[in-house]
Structure formats: C-alpha cells, structure tokens
Amino acid sequence: MNAFHPVLRAIAPKRSQEETRLPEPALAAGPDPTQWRRGFPPREERLIRIEDGSLFRFPQLRWSFNHARELGPTKSVWRSDGAITPLNRAGQGLDHLRFAGPEGARLTLAQALAQTYADGFIVLRRGRIVHESYAGEGAAHRPHIWMSVTKSLIGTIAATLIYDGALDADAFAKLPRGAIVVNTARGDLVNDGDLIAALKSGQVGYAGLDVFEGEPDIHSEYYRLENVFLLPHMGTSAIEARDEMGFAALDNIDAVLAGREGPSLLV
C-alpha cells in the first residue's frame with residue numbers, strides 16, 4: 001500500500017479547513033437525527049447503510065452511532081450475575097459552567113456540547129453523578145457505539161496508572177484472591193514478573209493474555225503455568241473480518257482514483 005500513497009495524495013481532492021468544519025447546529029444539513037430510517041420503506045435520502053459507508057458520514061452518524069445494533073450484527077456482553085451498583089447523584093448539573101472555547105469565545109457547557117454535536121455527556125466525582133445530559137438520539141438506556149471503544153479508553157487509563165507506578169504487585173494484592181486478569185489492550189499494561197508471581201501464589205487465579213510485555217519475546221515463565229491462557233492478538237482474524245478489511249481498502253482506492261471521497265475515512 002505504501003507505493004500508492006504518493007499517488008493517492010496527489011489526486012485526492014483538496015479540502016480546506018473551512019470545507020471540513022461541521023456546520024453550526026442551527027444550520028446542520030439533513031433531517032432531524034430522530035427521523036433517519038423512519039417510514040416503511042424509508043425514503044432514499046433517509047437511508048443509512050454499512051456497505052456505502054453512510055453510517056460514518058455527518059449528519060447520518062448522529063443516528064447510526066446510537067443504533068449500531070440495527071445496522072449490523074453485534075454481540076451482547078453480560079455485565080455478570082452480580083448486583084448492579086447504582087450511582088447516586090450530587091448537585092444540579094454543570095450546564096452553567098463557563099470556559100474559553102477554541103476561538104476564545106466564552107461558552108457554557110451546554111453550548112459547547114451543542115456545538116460539538118455530543119450525543120451524551122456524563123461527569124462523575126467521587127462515585128457520584130454531578131452531570132448527565134443527552135442530545136439527538138442519545139439516551140441513557142440506549143447503547144452507543146462509544147461502548148465499543150471502551151477497551152482503548154481503559155487501556156489508556158491503565159497505561160497512565162502504570163506510568164505513575166500504580167499497577168504493580170500492590171495492585172494485584174488488592175484484588176480478591178483468585179481473581180481473573182485479562183489483558184487484550186497493550187502488553188506493557190501488565191508487569192509480567194508481578195503477574196507471574198501472583199499466578200503462582202494463587203492471588204490471581206487465572207490470566208488471559210493476547211498481548212505481552214516486550215513482544216515478541218514472551219516471558220518464558222508463562223509457558224510453565226497451567227492457569228494462564230496465551231493467544232496472539234487476533235481479534236480480527238476471522239476470514240470474514242479480513243475480507244471486509246481488504247474490500248474496504250480497495251473501495252477507498254477505487255473511490256480516490258475516481259475523484260470521489262473514500263467511503264472509509266480515518267479522521
């Protein structure tokens with residue numbers, strides 16, 4: 001693919017910063033986000049599809065990010081059979097909070113959320129909800145596509161904790177004895193030596209890993225343990241997934257060579 005990069009860059013349509021800026025909320029193009037895919041059958045201009053990439057276009061994505069399960073197959077992940085821990089509320093919200101916007105104008109939080117088309121926003125402090133709001137198709141009961149990227153978010157938090165020296169043997173000691181540790185984010189999020197010691201002592205009952213510290217050199221002690229499951233990082237290794245990845249790349253190349261915008265853009 002690297003050989004194509006100079007060609008693609010040369011022929012791709014140039015767009016100014018003004019052209020790529022989102023419209024003001026009051027001037028946003030397209031129907032209200034609650035009206036996408038309504039009617040039977042929906043009108044053509046209100047359809048949203050996976051195959052043509054329209055689910056990632058604005059303003060369609062305001063609907064699709066809140067209705068991913070209606071566009072393609074997804075997998076439900078059970079929260080566990082433990083009791084739900086409710087989050088208590090504190091305060092009256094933060095809509096009144098003011099700060100300087102990107103161009104220096106003073107904005108309230110409510111104005112900033114409207115200008116950035118935020119589907120939902122929640123702030124917790126010391127285990128209590130101090131602000132929670134939704135817009136467009138966002139709702140407290142509705143799964144959002146953001147939930148699919150929480151692994152990366154948790155990995156980022158863990159990396160920060162590691163940098164601060166917080167995720168080490170002491171952290172494993174605070175887990176319930178026999179806890180299960182799973183790391184599918186980044187290898188350096190877990191200290192191999194400390195995890196191996198915890199596995200040997202029984203403090204950690206089992207571990208499932210598909211990323212490792214110091215890859216590709218995996219700590220040899222892992223191979224001697226019977227309570228650890230080691231796999232390559234292969235979340236997209238299904239034939240169907242690899243085919244879709246290849247076709248997506250080909251569709252992008254075809255679109256750019258034809259002078260069109262690629263259907264699967266990375267921003």
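The values are calculated or read from the model by the stated rules, or taken from the named source; none is laboratory data. Only a predicted model underlies this, so the values are computations on that prediction, with no experimental measurement involved. FYI the Cβ positions are ideal-geometry reconstructions off the backbone, even for glycines, and counts take in every protein chain you see.
Given the options Leu195, Leu265, Leu199, name the one that is in contact with a helix residue (DSSP H, G or I) (Cβ under 9 Å, 6 or more places away or on another chain), among the aliphatic types (A, V, I, L, M) and either in a loop (DSSP other than H, G, I, E, B) or not assigned by TED's automatic domain parsing to the domain that holds Leu161 (or both).
Leu265
Report, by residue number, each residue of segment 64-91 that is within 23 Å of Gly136 (Cβ to Cβ) and without any contact (Cβ under 8 Å) to a residue 24 or more places away in the chain.
Selection gives Leu71, Gly72, Thr74.
Check off (1) surrounded by 12 or more Cβ atoms within 10 Å (Cβ to Cβ); (2) assigned to a loop (DSSP other than H, G, I, E, B); (3) touching a Phe, Trp or Tyr at 6+ places or on another chain (Cβ under 8 Å) for Ala207 and give me the number that stays unchecked.
Looking at each condition in turn, Ala207 falls short on (2).
Here's the yes/no breakdown for (1) at pLDDT below 85; (2) among the hydrophobic types (A, V, I, L, M, F, W, C):
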| site | (1), (2) |
| --- | --- |
| Pro59 | yes, no |
| Arg62 | no, no |
| His67 | no, no |
| Arg89 | no, no |
| Ala114 | no, yes |
| Ala140 | no, yes |
| Lys151 | yes, no |
| Ile162 | yes, yes |
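Considering only segment 230-259, state which residues are closer than 30 Å to Gly193 by Cα, hydrophobic (A, V, I, L, M, F, W, C) and loosely packed, with under 13 Cβ neighbours inside 10 Å.
If the condition is that a residue be closer than 30 Å to Gly193 by Cα, hydrophobic (A, V, I, L, M, F, W, C) and loosely packed, with under 13 Cβ neighbours inside 10 Å, then Leu231, Met234 are the ones that fit.
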